[in-house]
Every structure is written in structure tokens, then in C-alpha cells.
1. Please enumerate the residues belonging to the range 117-146 that are closer than 22 Å to GLU29 by Cα, open to solvent by 30 Å² or more (accessible area, probe 1.4 Å) and either assigned to a strand (DSSP E or B) or among the charged types (D, E, K, R) (or both).
2. Show the residue pairs meeting these rules: Cβ distance below 8 Å; 6+ apart or different chains; first residue within the range 184-211 and within 20 Å of ARG55 (Cβ to Cβ); second residue of a type in the set (Ser, Thr, Tyr) and not in a strand (DSSP E or B).
3. With (1) open to solvent by 30 Å² or more (accessible area, probe 1.4 Å); (2) more than 18 Å from SER57 (Cα to Cα) as the list, and ASP197 as the residue in question, which single condition is left unmet?
4. Just checking, how many residues over the range 532-569 are under 31 Å from the mean Cα position of the chain (by Cα) and farther than 14 Å from ASP412 by Cβ?
5. Restricting to the range 535-577, what's the tally of residues that are open to solvent by less than 60 Å² (accessible area, probe 1.4 Å) and part of a loop (DSSP other than H, G, I, E, B)?
6. Only one residue in ARG207, ARG261 is open to solvent by 10 Å² or more (accessible area, probe 1.4 Å) and within 22 Å of SER24 (Cβ to Cβ). Which one?
7. For PRO132, state whether it is within 22 Å of ILE170 (Cα to Cα) and at pLDDT 90 or above.
8. What number of residues in the range 119-147 are farther than 22 Å from ILE42 by Cα and in contact with a strand residue (DSSP E or B) (Cβ under 9 Å, 6 or more places away or on another chain)?
Amino acid sequence: MKIILLPESWASRIAAGEVVERPSSVVKELVENALDAGAAEISVWVEGSGASLIRVSDDGEGMVPEDLALSVERHSTSKLREEADLFRIATLGFRGEALPSIASVSKLEVVSRTKGQQSGYRLQVEGGKKGPPSAAGCPVGTTVEVRELFFNTPVRRKFLKSPQTELGHICDVINHMALAFTGVHFRLHHSGKLLYDYVRCARIEDRLRQVLGAEVTSGMAGFSLDRGRSSVSGFLSTAPASFPNTRYLSTYVNRRFVRDRVLTHAALEGYETLLMKGRYPAAVVFLELPYGEVDVNVHPAKYEVRFRRQAEVHDLVVEAVRLGLKQQAKTPLAKRDEPMGGLVGLSVRETPQSYSSFFSGEQLGFQVPGPGGPAAGQREMGTGFFSSLEILGQLLGCYLVCAAPDGMVLIDQHAAHERVAFEKMRGGIENEGVETQNLLLPQVLELPFAEAVRIEALFAVLDQLGFAVERFGSNSFALKAIPALLPPGDYREALRRMAAEAAEVEKGLELRRDLEERLMTIACHSVIRANRKLDREEIGALLTALDGVDFATQCPHGRPVIVEFSRAHLERLFKRT
Ligand SMILES: Nc1ncnc2c1ncn2[C@@H]1O[C@H](COP(=O)(O)OP(=O)(O)O)[C@@H](O)[C@H]1O
Ligand SMILES: [Mg+2]
């Protein structure tokens with residue numbers, strides 16, 4: 001015989017490995033238990049990396065001594081009553097594995113008291129061996145202390161990263177939960193220092209500010225969409241704030257923080273062309289679904305979930321994010337709560353210094369009339385935000401300078417043109433076909449074999465976008481027609497880039513819509529050049545066109561179309577406040 005039954009102590013240590021990967025896993029499980037116990041205040045103490053000490057204290061419902069003794073046993077939980085409960089989980093925990101797992105790889109002490117008891121009880125477990133509960137003075141609630149994590153699993157211990165890194169994970173865990181439970185007061189103490197003190201908040205905006213900071217939060221706006229018994233809500237960064245990774249993108253299902261591929265993809269797709277390549281939004285997305293629609297029992301640490309109707313969930317999130325952003329793009333910057341187009345947003349996005357150099361006096365050789373100032377009312381006011389701007393002139397061959405009711409607006413004419421062309425093209429596709437114009441002379445381009453194959457595969461999509469391409473010899477192609485809304489010009493380079501882009505999209509998402517959008521972006525970008533003098537008529541037409549399109553505040557690459565300097569900004573710049 002070659003098979004043996006593992007001794008219980010080995011088996012539990014192996015099982016613990018799935019739940020307790022590192023100190024932050026302990027914090028996560030303990031804070032989840034505190035939340036499930038209805039705590040209003042949760043305090044976490046961590047020493048160093050957390051391996052020597054983690055203590056979590058709550059003012060929740062507590063446990064009677066009998067429950068206390070059971071709580072550290074494997075598969076013991078108060079959160080499921082019948083088998084069917086497993087398919088409608090409303091609590092954060094349910095597996096009954098956290099306390100026993102932690103107890104098997106550490107020295108654990110739980111002290112707990114319920115409202116009905118005169119005194120509390122203490123239970124100690126060392127490496128899985130528990131003592132009897134003994135009376136202990138304590139307030140109502142529960143305190144769990146975990147010492148010498150991984151003391152009996154030296155290999156695990158070796159895998160721990162630097163104390164800073166482990167502390168970073170612990171901070172993430174607390175921040176993720178704090179965003180979903182705004183009514184709970186969270187504290188984090190590290191080696192004697194109070195790191196976080198998130199008092200309870202009535203509004204989620206306030207919690208966002210505590211967790212993400214004022215700067216990031218000021219660039220975010222709320223959104224929500226209800227669809228039957230499901231809903232999506234949260235906060236989205238509106239450009240120009242963006243980040244080099246998905247660190248500020250958090251997704252939740254029924255208040256549980258999850259790392260879910262479907263949700264992340266959907267949120268990013270919702271942003272579509274609003275972000276530059278390689279840039280990510282700050283977004284907090286709460287998805288609420290009937291409990292039966294989601295299986296949370298697919299990952300030991302419960303970080304992943306599975307949806308019964310994955311495609312529907314995906315599309316719901318895309319739609320919610322897109323609508324939220326559209327709404328936001330339609331609101332003139334000055335009307336929003338916080339200044340988002342100005343200093344705050346810009347400094348988040350790119351180098352802040354460029355701002356002051358950009359603002360040297362000589363480039364600003366004009367006057368900014370305030371509301372009701374000399375120029376106000378001179379021009380017939382349009383109804384849209386852009387067409388009601390007063391055109392002051394063109395700067396450096398590519399920026400339009402306009403007076404807005406509450407300050408000054410700069411518009412990047414190239415970015416604006418691109419967005420307008422892009423939206424027209426998209427509109428054309430949605431309404432059956434883009435109008436084309438034949439080229440007098442076909443533009444012939446030669447491609448290396450691999451790209452030739454790729455572009456051939458793109459013929460159908462290109463055709464839909466209004467580009468008529470035909471094979472012309474072995475590796476040569478002839479472009480015979482282009483979309484009517486694009487100006488005449490040389491489109492060979494654009495075609496080359498489309499072929500290259502197609503290769504990249506293939507690897508990632510095969511979604512056709514995605515491909516179309518990227519190709520349109522290239523098409524629009526390649527042809528409309530900056531540094532062209534526009535006359536007033538042309539500027540007026542461009543502004544009117546901007547009012548007619550969605551997402552007018554960003555070009556299809558995600559660069560801003562508009563930067564606004566509100567009165568408050570200007571006053572700050574001139575130190576008047
Ligand atoms: N902080 C706490 N306050 C009150 N009860 C708790 C607390 N932590 C754990 N418990 C009780 O111990 C049980 C076991 O906890 P745990 O091992 O985390 O499993 P689960 O959370 O999956 O039920 C819980 O179901 C709960 O009844
Ligand atoms: Mg639990």
C-alpha cells in the first residue's frame with residue numbers, strides 16, 4: 001500500500017495554507033468576523049509584519065462560552081443553518097474555517113462577551129490545541145489575538161515579504177472593507193502608531209476621502225444604475241485623473257470586495273476611449289445582486305465569485321459605468337462640486353510642473369472677462385455648454401481660448417476634432433454604414449507578410465468603418481475609399497497602424513466592438529493635424545459639434561479636450577485667496 005491517512009494536525013495545517021496565506025489574510029478574516037457580528041467599531045493592532053502580533057477588537061454581539069469553544073473547531077459556523085443557505089449567502093464568512101485555520105498555525109487567544117453576560121470568557125489555542133474557556137473581564141464584543149503566526153510552519157514564514165510589504169497588504173485589506181462599510185469606525189495601529197482612524201460616515205464620499213485622500217476623491221463622481229433586482233453604483237474617476245495600474249479600481253459584490261476578471265474588464269470597457277493607453281481609472285464599483293445569483297464559495301479566501309449570468313452582469317456594469325461617465329461629461333466642469341479640470345486633476349495625471357511653466361505670463365497676453373464682464377452677452381449664446389462659450393482666440397496654433405461664465409476654458413482643437421470625427425464615425429456604424437468617398441488615386445501600400453495576413457482579416461471591419469481596401473499584388477494593398485467625414489489625405493500610415501493594433505487586440509479581447517473603437521481612434525488621429533489656423537466660423541462650428549457628441553471632454557485616446565480655469569482657480573493662482 002502506498003496511501004496513508006494524514007494525521008489531523010497535518011491536514012489542518014495544509015488546509016490552513018489556503019485560507020491563511022500571509023498576515024493580511026488573518027486581518028481580513030478577523031475583520032470579516034467582526035463585521036458579521038454587527039460591530040460598529042473595529043480596531044486592529046499590528047506589530048511589524050504582523051507575524052509577531054495581530055489583534056482585532058470589536059464591539060459586536062460577542063459569543064457565549066459554549067460558542068467560544070466551538071468557534072475554533074473546523075467547519076463550525078453560526079452563519080449557515082441549512083444546506084440551502086449555501087446558495088444565498090448574506091454574510092462575509094460562512095465556511096467556518098477561519099478561526100481553526102488561524103489557530104492551527106499560530107498562538108491564538110479569543111476573549112469575548114455578549115450583552116447578556118456579566119463577564120467575558122477567554123479561550124487559548126496553541127498550534128491547534130485548545131484549553132478550556134476561563135472567565136475574563138472584558139467589554140461586550142470580541143478580541144482576537146494572533147501571536148507568532150506560522151511558528152509551526154517555518155517554510156511559510158520564509159515566504160513572508162518585508163514588514164513594509166506585509167503592512168501594505170494589511171492596509172489594502174482594511175481599506176477595501178472600509179469602503180463598503182461606511183457606518184463602521186475602523187482603526188489601524190501599527191507598532192504603537194495610529195495609522196488609520198476612519199470615523200463612521202453618513203456619506204460614502206466622506207469615506208472615500210478618508211481612504212483614497214482628498215485629491216483622488218475630488219476627481220471622482222458618483223454613479224448608479226438599477227436593473228430589476230440588480231444594481232450597480234459607486235464612484236468613478238472622471239478624466240483627467242488616471243493611474244498607471246488598477247490599484248485604485250475596487251469591485252464589490254454584495255459588499256464583498258472581490259478581484260473579479262469579469263467586473264474589472266467590464267469597468268474598464270465602460271471607460272472605453274476615455275483613458276490613454278496604459279492608464280487606469282480610480283473606480284469603486286458596488287454590484288448588488290440577489291444572493292442566489294452569485295456563488296461566493298469558489299475560493300478559499302473568498303476573493304473570487306462566480307455569476308450565474310456572467311454576460312448579463314458584465315453588460316450591466318459596462319452600461320452603468322458608461323452612463324455614469326456620459327452624465328459626467330455632459331456636466332460643465334464649473335458646475336461640478338469640486339474643481340476637477342484644474343490643478344487637482346492635472347497634477348494627478350501628469351507632471352505638475354508643466355502647469356506653472358504653461359502659465360507664464362507672456363503666453364497669456366489676453367484678458368479674461370468675468371461673468372457679466374465687458375464681453376458678456378455680446379454674442380448670441382448657444383444652448384450647449386461648448387457653443388455658449390465666448391471665443392477669445394487661438395493660441396500656439398492649437399489651443400482655443402474661450403471665456404466661460406465662471407472663468408476661462410482652453411480647448412485642444414486637435415483633440416476636439418478627433419472626438420467629433422470619432423463619434424460621427426461611431427454613429428455611422430450604429431446607423432448602418434459610414435458614408436464613404438472614393439479616392440481619385442488609390443493609395444497603394446506594401447506590407448510584410450504577417451501584417452498582410454492581418455490586414456486581410458480586417459477587410460470586413462475596415463469596410464464597415466468606411467475604408468475600402470483591396471488586395472493589389474502579392475503583399476500590396478490598394479485603399480480605394482475613405483470615410484466621407486475624414487478630410488482627404490494620405491491614409492497609408494493609418495492602415496499600417498490598424499494592422500499592428502489588430503494584432504494586439506487579438507491577444508487580449510476579441511470583442512469586435514473593442515476592435516472597431518480602436519481602429520476608429522487611429523483613423524481619426526492619423527488625419528486631423530494640429531497647428532492649423534481656424535477662423536471664427538470654424539471654431540464656432542467645432543464648438544457646436546462638440547455639444548452634439550458624447551464624451552466631448554476627452555479625445556478618443558483619453559487626452560483632455562478641455563481644461564477649465566474656474567474663478568476660484570484663477571484667484572488661487574494670483575494668490576487672491
Ligand atoms: N468577532 C466575532 N464576534 C462574534 N462571533 C464571532 C466572531 N468571530 C467568530 N465568531 C463566531 O465564530 C464562528 C466561526 O468563525 P469563522 O471560523 O471565521 O467561520 P465563519 O465566519 O465562516 O462562520 C462564526 O460563525 C461566529 O459565530
Ligand atoms: Mg469568518
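The values are calculated or read from the model by the stated rules, or taken from the named source; none is laboratory data. The model shown is predicted, which means the values in this text are computed figures rather than measured ones. So basically every Cβ, Gly included, is an ideal-geometry build from the backbone, and we count neighbours across all protein chains shown. The protein model used for the area step is the full one, side chains on, heavy atoms only, and it has no ligands, DNA or RNA in it. Shrake-Rupley method; radii C 1.70, N 1.55, O 1.52, S 1.80 Å.
1. Of everything in the range 117-146, those that are closer than 22 Å to GLU29 by Cα, open to solvent by 30 Å² or more (accessible area, probe 1.4 Å) and either assigned to a strand (DSSP E or B) or among the charged types (D, E, K, R) (or both) turn out to be TYR121, ARG122, GLN124, GLU126, LYS129, LYS130, THR143, GLU145.
2. Once the first residue is within 20 Å of ARG55 (Cβ to Cβ) and sits in the range 184-211, no partner that is of a type in the set (Ser, Thr, Tyr) and not in a strand (DSSP E or B) comes close enough.
3. (2)
4. In the first step, residues of the range 532-569 are kept if they are under 31 Å from the mean Cα position of the chain (by Cα); the result is 543, 545-569.
Restricting the remaining residues to those that are farther than 14 Å from ASP412 by Cβ gives 545, 547-551, 565-569.
Qualifying residue count for the region: 11.
5. Matching residues across the range 535-577 total 10.
6. Working: ARG207 fails: open to solvent by 10 Å² or more (accessible area, probe 1.4 Å).
Within the list ARG207, ARG261, the selection yields ARG261.
7. Numbers: within 22 Å of ILE170 (Cα to Cα): no; at pLDDT 90 or above: yes.
So PRO132 fails the test.
8. Pass one, the range 119-147, residues farther than 22 Å from ILE42 by Cα: 125-135.
With in contact with a strand residue (DSSP E or B) (Cβ under 9 Å, 6 or more places away or on another chain) added as a condition, the list becomes 125-127, 130-135.
Number of matching residues: 9.
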